[in-house]
1. Quick one: count up the residues across the stretch 298-326 that are assigned to a strand (DSSP E or B) and of a type in the set (D, E, K, R).
2. Does the stretch 164-188 hold any residues that are part of a loop (DSSP other than H, G, I, E, B) and either touching a Lys or Arg at 6+ places or on another chain (Cβ under 8 Å) or surrounded by 14 or more Cβ atoms within 10 Å (Cβ to Cβ) (or both), and which are they?
3. Among the strands (runs of 3 or more DSSP E) contained in the stretch 219-265, which hold 3 or more residues that are more than 19 Å from LEU325 (Cα to Cα)?
4. If you go through the stretch 201-216 one residue at a time, do you hit one that is under 30 Å from VAL70 (Cβ atoms) and either in contact with a strand residue (DSSP E or B) (Cβ under 7 Å, 6 or more places away or on another chain) or part of a loop (DSSP other than H, G, I, E, B) (or both)?
5. Specify the residue that is farthest from the chain's Cα centre (by Cα); the eligible residues are those in the stretch 40-65 that are under 21 Å from THR5 (Cα atoms) and of a type in the set (Asp, Glu).
6. State which residue pairs qualify: first residue outside the structural domain of GLU326 (by TED's automatic domain parsing) and inside the stretch 232-250, second residue surrounded by fewer than 16 Cβ atoms within 10 Å (Cβ to Cβ) and in a helix (DSSP H, G or I) in any location, beta carbons under 6 Å apart, and separation of 6 or more residues or different chains.
7. Which pairs turn up if I take residues in the stretch 129-142 that are not assigned by TED's automatic domain parsing to the domain that holds LYS17 and look for partners that are exposed (fewer than 15 other Cβ atoms within 10 Å of the Cβ) with beta carbon separation below 9 Å, at least 6 apart in sequence or on another chain?
8. Could you check, for the stretch 66-84, whether at least one of its residues is surrounded by fewer than 16 Cβ atoms within 10 Å (Cβ to Cβ) and closer than 30 Å to TYR348 by Cα?
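The values are calculated or read from the model by the stated rules, or taken from the named source; none is laboratory data. Note that the structure is a prediction, hence the values are computed from the model and not measured. Please note: Cβ atoms are built from the backbone with ideal geometry, for glycine as well, and neighbour counts cover all protein chains shown.
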Amino acid sequence: MSIKTERLFSRAKKLAKKGKLITFGVVPDKAETGYGYIEANINNTDDYYSIKSFTEKPSQKNAKKYLDSVNYLWNSGMFMFKASVYLSELEKFEPEILSACKKSCIIENIDSDFIRIDNDAFHQCPNESIDYAVMEHTKNGVVVPLDANWSDVGSWSSLWDIKTKDNNDNVSEGDVFLEDVKNTYTYSSNRLVSVIGVSNLVIVDTQDALLVADKQQTHNIKKIVARLNNDKRSEVDNHRKVFRPWGYYDSVDSGEDFQVKRIVVNSGAKLSLQKHKYRAEHWVVVKGTALVTCGDKVFELVENQSTYIPQGSLHRLENHQDIPLEIIEIQTGSYLGEDDIIRLEDDYLRN
């Protein structure tokens, strides 16, 4: 950290102790349309300024105007304030957010070194940023200019900016083949991705979805997310790999009346004692040793052994070994949703 930057943070700390809510505005060096901007009242020689307005990602014309002006800074999304001051302002301007957060923390449970807040209560929280909820309304907000090598790595184009590039200005991560490609970011999480004869793109291939976008348009991903929400698409909430207190499962395949999952149970962990109304399950152990409860029977399965869990049968899967347990689960039935779980006992206090 430079002496100048250290001095700015020291100044911000003093302001925060006095009850100010500080946001850090980055001095812009280009007409960037992918960032938000803060209009500051830069009318004195202080090293902090009052905030006039916040502007979301502007057009190229307005971004150029902001760059030429001395009154606009990039909105870094970084803040400094006393928790008590922020919560007081939040209660004043967005009490529903504060109420939802309090409720989700009251109904929490401790899982190993995790604190798991109540999911239903937290989802009642309005979806508003600190800027919208508090900073645009409070009279105690100030902006401290930050003249630093800052980049919003929350955008794909910005990630391309900071990564090592090849001779054609491409960034490639994962199993990627490029042919006659320039100025492009390509990411593959789990399979071969081949790209031919394109430029200025962002290509991101994950187990959940594939994104292909012009590098200058990646900030419009929010429009796709809005459409997914409006269409009630499952991709908004469901991921292929889903983490649970006991480990995780990976949805390998699915079709009409069947679903295949790879389940990994951490050492010493166990799933809830449960049953299903609509589905049966087949378990095949591929690594480790499983302790299985099925009805009134309790038995062990080792690698390459399997068992059948009939529809409606009480069952549980446990790992008493020092290594992770891996099984392949094949579900069959008329309904295979995650809400078809009737828990009778659970170490993690889930319903």
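1. Let us first name the residues in the stretch 298-326 that are assigned to a strand (DSSP E or B), namely 298-301, 306-309, 315-318, 325-326.
Narrowing the set further to residues that are of a type in the set (D, E, K, R) leaves 300, 316, 318, 326.
Adding up the residues that qualify gives 4.
2. Looking only at the stretch 164-188, we keep the residues that are part of a loop (DSSP other than H, G, I, E, B), and these are 164-170, 174-175, 180-181, 183-184.
Matches in the stretch 164-188: LYS165, ASN168, ASP169, ASN170, GLY174, ASP175, VAL181, ASN183, THR184.
3. Numbers: elements: 241-244, 247-255, 258-265.
In the stretch 219-265, 247-255 are the strands (runs of 3 or more DSSP E) which contain 3 or more residues that are more than 19 Å from LEU325 (Cα to Cα).
4. Step one: list which residues in the stretch 201-216 are under 30 Å from VAL70 (Cβ atoms), which gives 215-216.
If we keep only those that are either in contact with a strand residue (DSSP E or B) (Cβ under 7 Å, 6 or more places away or on another chain) or part of a loop (DSSP other than H, G, I, E, B) (or both) as well, we get 215-216.
The answer is yes; a qualifying residue exists.
5. ASP46
6. Close Cβ pairs satisfying both conditions: GLU235/LEU228; VAL236/LEU228; VAL236/ASN229.
7. none
8. yes
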